[in-house]
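A quick write-up on the structure given underneath.
The values are calculated or read from the model by the stated rules, or taken from the named source; none is laboratory data. Because the structure is a prediction, the values reported are computed rather than measured. Positions of Cβ are generated from backbone atoms using ideal geometry, with glycine treated the same way; all protein chains shown enter the neighbour counts.
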Amino acid sequence: MFASLAAFWGASYLFIKVALEDGTPPVAIVFARTALAAIVLLPVATRLGALRGLGGRFGAVSVLALLQVAAPFALITLGERDLPSALTGILVATAPIFTFLLAFVLQGEQRAGRLSLAGVAIGIVGVAVLLGVDSGGRGAALLGGLLVVLASVGYALGSWYLKRNLSDAQPVGVVAATMAASALMTAPVVAIDPPSHLPALDAAASLLALGVLGTGVAFVLFYSLIASEGPARASLVAYVAPGFSVVYGVTLLGESFGPATAAGLLLIVGGSWLAAEGRPPWRRRRPREGTQAAPDAAVA
C-alpha cells in the first residue's frame with residue numbers, strides 16, 4: 001500500500017505534464033482531477049459516515065479547499081508548464097519546511113530546535129540549487145519554480161487552517177468535501193474559457209489517472225495506512241514520492257537528471273525531513289498520544 005501510494009502521488013506530475021503538452025488549460029486540469037477525486041471519495045466518505053461532522057461548516061471547508069487544494073493545484077500546474085515533471089515533484093517536497101515555519105510562527109507550539117532550523121536552511125539551499133543551477137536560471141523556469149514553491153506554502157497554510165478549524169472532523173470526509181468544493185470553484189473558470197479541443201487519448205488517460213488514482217484512490221490508501229500503521233509512518237510517503245516523480249520523468253518523458261538535480265533532491269528531501277522531524281532518520285521519534293495526521297505535505 002505504501003509503495004502504491006508513493007507511486008501514485010509521484011506520478012501526478014507526469015500526468016500533469018502529458019495533459020499540458022496536449023494543450024489542456026491548467027485550470028481545466030485542476031477541475032478534472034478534483035471532480036474525479038470527488039467522485040471516488042464522496043461515496044467512500046458517505047459509507048463511512050465521515051461527512052456528518054461537516055454540516056453547517058461550508059465556509060470552513062471552502063477556505064480549506066482554496067488554501068490546500070484549488071490554489072496549490074493551480075499553482076503547480078501553471079508552474080509545470082515551464083518545468084520538468086521531476087523538478088516539480090522535488091520542489092513540492094518543500095512543504096514540510098513551510099509547515100514547520102508556520103507552526104513555529106503562528107502557533108508557537110514547538111521550539112525551533114537546531115536540527116529543525118538546519119533543515120530549513122538545507123532545504124532552501126536545495127531550492128536555490130534546483131532553480132539557479134538545474135533550471136539554468138531561465139526566467140520562465142524561475143517563475144515556474146517559485147509558483148510550485150508557493151503551492152507548498154499553500155499546503156502548509158491549509159494544514160494550519162485544518163488544525164485550527166476542522167481537526168475534529170474525519171479526515172476522509174474533509175478531503176472528499178474539499179475536492180468537491182475545489183471542483184465547484186474551478187468549474188466557472190473552465191465554463192468561461194473552455195479547452196479549445198478534446199484531449200487526445202494519452203492526455204485523457206492522464207487526466208483520468210490523475211483524478212482517480214493520483215488523487216482519489218491515493219487518499220483512500222493514505223488513510224488506510226494511517227489506520228493500520230499510524231500517522232507517523234504513513235506521512236513518510238512525502239519523502240518517497242519525489243523519487244518516483246524523478247524516475248517517471250527520466251524514463252518516460254526523457255527528462256535529464258544530472259548532478260544538480262540529484263543534489264537538489266537530497267537537500268530538499270533531507271532538509272524537509274529535519275525540519276518536520278527535528279531528528280536524523282536513524283533516530284526514533286518519541287511517540288506522542290493523540291496525534292492526528294492531516295492531508296498536508298503529501299498532497300501532490
Of all residues in the range 31-61, count the ones that are closer than 22 Å to Tyr223 by Cβ, in a helix (DSSP H, G or I) and either touching a helix residue (DSSP H, G or I) at 6+ places or on another chain (Cβ under 6 Å) or of a type outside the set (Gly, Ala, Ser) (or both).
19
Pick out the one residue from Ser152, Ser196 that is in contact with a helix residue (DSSP H, G or I) (Cβ under 9 Å, 6 or more places away or on another chain) and hydroxyl-bearing (Ser, Thr, Tyr).
Ser152
Can you name the residue in the range 253-292 that is among the hydroxyl-bearing types (Ser, Thr, Tyr) and either surrounded by fewer than 20 Cβ atoms within 10 Å (Cβ to Cβ) or not in a helix (DSSP H, G or I) (or both) and is also modelled with the highest pLDDT among such residues?
Ser256
Taking helices (runs of 4 or more DSSP H) that do not extend beyond the range 77-195, which have at least 1 residues that are surrounded by fewer than 22 Cβ atoms within 10 Å (Cβ to Cβ)?
95-102, 114-129, 139-165, 171-192
Taking the range 217-246 and keeping residues in a loop (DSSP other than H, G, I, E, B) and surrounded by 15 or more Cβ atoms within 10 Å (Cβ to Cβ) leaves Ser235, Leu236
Number of positions in the range 91-102 that are under 11 Å from the mean Cα position of the chain (by Cα) and among the β-branched types (Val, Ile, Thr)
2
Criterion: hydrophobic (A, V, I, L, M, F, W, C), under 17 Å from the mean Cα position of the chain (by Cα) and either surrounded by 16 or more Cβ atoms within 10 Å (Cβ to Cβ) or at pLDDT 80 or above (or both) - qualifying residue of Val299, Val250
Val299
Is it fair to say Arg57 is touching a Pro at 6+ places or on another chain (Cβ under 9 Å), farther than 25 Å from Gly271 by Cα and basic (Lys, Arg)?
no
Write out, first by first residue and then by second, each pair whose Cβ atoms fall under 7 Å of each other, whose residues are 6+ apart or on separate chains, and whose first residue, in the range 1-17, is more than 16 Å from Arg33 (Cα to Cα) and in contact (Cβ under 8 Å) with a residue 60 or more places away in the chain while the second is in a helix (DSSP H, G or I) and among the aromatic types (Phe, Trp, Tyr).
Leu5/Phe222; Ala6/Phe244; Ala7/Phe244
Could you tell me whether Gly214 is part of a helix (DSSP H, G or I), closer than 16 Å to Lys17 by Cβ and not acidic (Asp, Glu)?
yes
Just the residues that are among the hydroxyl-bearing types (Ser, Thr, Tyr) and more than 17 Å from the chain's Cα centre (by Cα), please, taken from the range 133-173.
Ser135, Ser167
Total residues in the range 8-47, condition among the hydrophobic types (A, V, I, L, M, F, W, C) and surrounded by fewer than 18 Cβ atoms within 10 Å (Cβ to Cβ)
1
